[in-house]
Amino acid sequence: MLGPKPFARIAITLPAADLAAADQLAARHDRSRSWIIAESIRRYAADPGAREAVPTAKGLGDSRRAQLERDMKLTPEARVRAAEDTVRLTKPRSKPRTHQLVMFDRYEDFLDWKRSRGR
């Protein structure tokens, strides 16, 4: 005689609308929420066409996907080095100059100020 099916307890996070839909289906079919979710997974896994119909994430174009695939072929160490190189290239080379408004009553005061700054 076979024993009961082994179950695994998991925790998932769903959008509120999806959870409400699962609860409505569970009530309509007199089943548990877990059964509804498990049945959805079974049907999704059994239908290869369903996986192709899932839309890709917004903003993830072909070139970005290709870049991610190339990056994932790198070792973790190589990915960290590439990220460090990117940070190094994007850092400003020198401290940006701040704008300053300096006014003088006389031209001689300006010359004194200029000499004091070594210019």
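Please give me the summed charge of the neighbours of GLN67: other residues whose Cβ is under 13 Å from its Cβ, Lys and Arg +1, Asp and Glu -1.
Numbers: positive: ARG64, ARG65, ARG70, LYS73, ARG79; negative: ASP62, GLU69, ASP71.
Residues close to GLN67 contribute a combined charge of +2.
Taking neighbour Cβ counts within 10 Å as the exposure measure, how do TYR107, TYR44 sort from fewest upward?
Values: TYR107 8, TYR44 12.
Ordered by Cβ neighbours within 10 Å, fewest first: TYR107, TYR44.
Whole number please: convex hull volume per residue, Cα atoms of the chain, in Å³.
On the way: hull volume 38.4 nm³, N = 119.
Here the figure is 322 Å³ per residue.
Let me know the Kirkwood hydrodynamic radius for the range 12-54, please, with Cα pairs as the basis and the value in Å to one decimal. Don't skip to the answer; put the middle values down first.
On the way: mean 1/r = 0.0895 Å⁻¹.
Averaging 1/r across every pair of different Cα atoms and inverting gives 11.2 Å.
Using the count of nearby Cβ atoms within 10 Å as a rough guide to exposure, how do ILE41, ILE10, ILE36 rank from fewest to most? If you can, show how the numbers build up before the last one.
Working: ILE41 10, ILE10 7, ILE36 19.
In increasing order of surrounding Cβ atoms, one gets ILE10, ILE41, ILE36.
A short reminder: the numbers here are calculations on the coordinates, not readings from a lab. Please read all numbers here as calculations on a predicted model, not as lab measurements. Please note: Cβ atoms are built from the backbone with ideal geometry, for glycine as well, and neighbour counts cover all protein chains shown.
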